[in-house]
Amino acid sequence: MTDSAGTPEGPEDPSGRERADGAPRAGDPAPGGAPSGGGSSKAGASDAAAEEAHSEDAAPEDAAPQDAAAQDAAAQDAAAQDTAPSDGALPDGAAATASSTGDGSRGDGAPGDGPTGDGSGSAPHGRWRPWLRRTALVTSVAVLVAAGASWMIYQKLEGNITTDTGTAEELKRYEAERPAPMVHDARNVLLIGSDNRGDGNSKYGRDNGTQRSDTTILLHLAADRKSATGVSIPRDLMVDVPACRKPDGSRTKPQFAQFNSAFEVAGPACTIRTVENLTGIRVDHHMIVDFTGFKRMVNAVHGVEVCLKDPVDDREAHLKLPAGRQKLNGEQALGYVRARYSIGNGSDTERMDRQQQFLGALVKKVQSNGVLLNPARLYPVLDAATSSLTTDSGLDSLRELYDLARSLRKIPTDRVQFLTVPRRAYSLNANRDELVQPDAAQLFNLLRNDLPVSVAPKRREAGATPTPRPDNRPGTMTGDQRTASPSAEPTDPAPTYRGTTAANGMCG
């Protein structure tokens with residue numbers, strides 16, 4: 001069959017419809033203009049050439065509709081992304097189309113609307129960018145706030161500490177007569193408990209404008225930081241107090257007097273020089289804590305447990321407690337360590353023993369509860385300690401105090417020891433004390449040379465009589481004892497001193 005132009009027609013599709021895939025039917029012209037049957041003629045060739053020329057002339061006109069169609073398709077794709085479900089699921093139609101293709105692409109052959117935009121099925125990068133920016137912003141703000149808060153806390157604690165610069169300046173005047181340090185890295189810190197009645201402490205007695213060292217402890221930290229030994233010096237011990245400069249600039253005369261008079265008359269510098277003359281031990285640092293500081297420290301660790309054999313009712317110490325096991329708050333603890341005549345035999349020696357036991361229990365609680373490793377629990381302790389603390393310039397920063405506390409944390413509780421310097425009633429006044437020799441000299445020699453000290457609840461009686469001084473006044477070391485060689489070992493076996501450790505606690 002031929003058409004009106006005389007061109008032979010190919011056989012019709014049996015279905016009578018064009019093929020859906022757009023492929024030419026049998027008999028349609030091939031791309032080169034030849035019939036699909038493979039025959040050729042001049043008319044066919046001329047027709048093909050005419051059609052090719054016509055297609056070249058019409059190409060610019062056809063391109064515009066194609067570009068517009070591409071733009072419409074891009075707009076539809078953008079609209080589809082904007083209206084896509086928030087959880088990344090495809091619309092039903094799109095899902096069906098993607099499923100039919102089997103590779104995540106759209107049925108029209110374009111890349112799928114998957115999250116990556118490349119047909120891989122992941123969320124578009126653009127969806128995550130705002131969330132990442134918001135997360136980074138929130139994190140940065142949180143870091144800045146935390147850093148600012150930490151800095152404010154640090155500055156507050158650092159500002160709590162009172163620095164005693166006058167003592168260091170005064171001690172420089174007497175450097176030539178002070179003992180030299182014997183063992184590198186060993187430290188001796190003089191802890192002074194002031195009985196200042198000012199600053200809210202007036203109920204404990206009349207404030208006469210002066211303060212005395214109610215409690216004095218020489219704390220020796222071993223060079224290897226494996227032990228710590230605190231030696232209490234009785235306030236009623238009779239000692240040689242050197243000439244010292246008073247706060248008003250006047251000077252005192254050397255005198256043989258009670259130990260705590262040095263602090264009352266001329267402050268910590270005079271106390272340090274008195275201790276160094278008494279022991280031959282170089283004092284590296286000093287710390288002064290008043291009643292308020294002690295109470296706040298106890299409250300910061302939520303009290304300390306004690307066990308009492310008998311009830312206590314002491315009006316002077318403002319203390320009333322039942323017998324038995326109980327936990328003392330700061331106010332009760334202060335009365336407990338200050339009470340003298342209402343507990344035991346009323347002696348100052350027994351009061352010092354009670355103070356040592358309480359301090360040991362306090363150290364044990366701080367270590368066992370992990371206070372030094374828990375910032376939330378450490379802050380109240382540091383705040384309490386620094387608020388009522390006066391130190392020399394070597395301990396007046398939070399970092400230096402923390403380093404000191406951290407070195408104590410590493411010491412086992414059974415190696416944190418407390419004892420009282422060997423003493424007995426003064427021969428000329430039973431209400432005063434004097435050193436017992438040679439026990440006291442041996443103890444000072446051990447500490448000076450960083451040698452081990454042994455303590456126990458009871459000790460042997462040693463030194464039946466004190467070593468007499470040339471002027472028959474007992475209590476102060478001789479020049480040879482103060483200048484003993486750093487490597488000198490005690491000539492006699494060192495006694496086991498009466499004392500306690502932090503491991504014992506208050507209830508055994």
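The values are calculated or read from the model by the stated rules, or taken from the named source; none is laboratory data. Model, not experiment: these values are computed from the prediction. Here the Cβ is made from the backbone with ideal geometry for all residues, glycine too, and neighbour counts use every protein chain on show. The accessibility values were calculated without ligands, DNA or RNA, using every heavy atom of the protein model including side chains. Shrake-Rupley method; radii C 1.70, N 1.55, O 1.52, S 1.80 Å.
Brief remarks follow.
- Here segment 386-407 is the region considered, the condition is being closer than 30 Å to residue 454 by Cβ and of a type in the set (A, V, I, L, M), and the residue that is surrounded by the fewest Cβ atoms within 10 Å (Cβ to Cβ) is 405.
- Considering 397, 393, 387, 427, the condition of being modelled with pLDDT of 80 or more, among the polar types (S, T, N, Q) and over 23 Å from the mean Cα position of the chain (by Cα) is satisfied by 427 alone.
- Look at (1) at pLDDT below 90; (2) assigned to a loop (DSSP other than H, G, I, E, B); (3) within 26 Å of residue 288 (Cβ to Cβ) and you find that residue 453 fails only one, number (1).
- Any hit, segment 293-301, residues being at pLDDT below 90 and touching a Ser or Thr at 6+ places or on another chain (Cβ under 6 Å): yes
- Filter result for residue 282 (under 21 Å from residue 394 (Cβ atoms), at pLDDT 95 or above and surrounded by fewer than 22 Cβ atoms within 10 Å (Cβ to Cβ)): yes
- Positions within segment 408-437 being small (Gly, Ala, Ser), free of Cβ contacts under 8 Å to residues at least 24 places away in the same chain and open to solvent by 60 Å² or more (accessible area, probe 1.4 Å), in sequence order: 430
- Residue pairs whose Cβ atoms lie under 6 Å apart, sitting 6 or more positions apart in sequence or on different chains, and linking a residue in segment 243-262 that is under 18 Å from residue 348 (Cα atoms) to a partner that is loosely packed, with under 14 Cβ neighbours inside 10 Å and at pLDDT below 95, do not occur here.
- Tally, over segment 309-334, of residues that are surrounded by 16 or more Cβ atoms within 10 Å (Cβ to Cβ) and in contact (Cβ under 8 Å) with a residue 24 or more places away in the chain: 7
- Exactly one residue out of 225, 235 is at pLDDT below 95, assigned to a loop (DSSP other than H, G, I, E, B) and under 26 Å from residue 292 (Cα atoms), and it is 235.
Yes or no, residue by residue, for (1) surrounded by 10 or more Cβ atoms within 10 Å (Cβ to Cβ); (2) touching a Phe, Trp or Tyr at 6+ places or on another chain (Cβ under 6 Å); (3) at pLDDT 85 or above:
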{"position": "131", "(1), (2), (3)": "no, no, no"}
{"position": "136", "(1), (2), (3)": "yes, no, no"}
{"position": "154", "(1), (2), (3)": "yes, no, no"}
{"position": "157", "(1), (2), (3)": "yes, no, no"}
{"position": "164", "(1), (2), (3)": "yes, no, yes"}
{"position": "174", "(1), (2), (3)": "yes, no, yes"}
{"position": "179", "(1), (2), (3)": "yes, no, yes"}
{"position": "188", "(1), (2), (3)": "yes, no, yes"}
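- Screening the candidates 273, 296 for the property of being part of a helix (DSSP H, G or I), open to solvent by less than 40 Å² (accessible area, probe 1.4 Å) and not polar (S, T, N, Q) yields one hit, 273.
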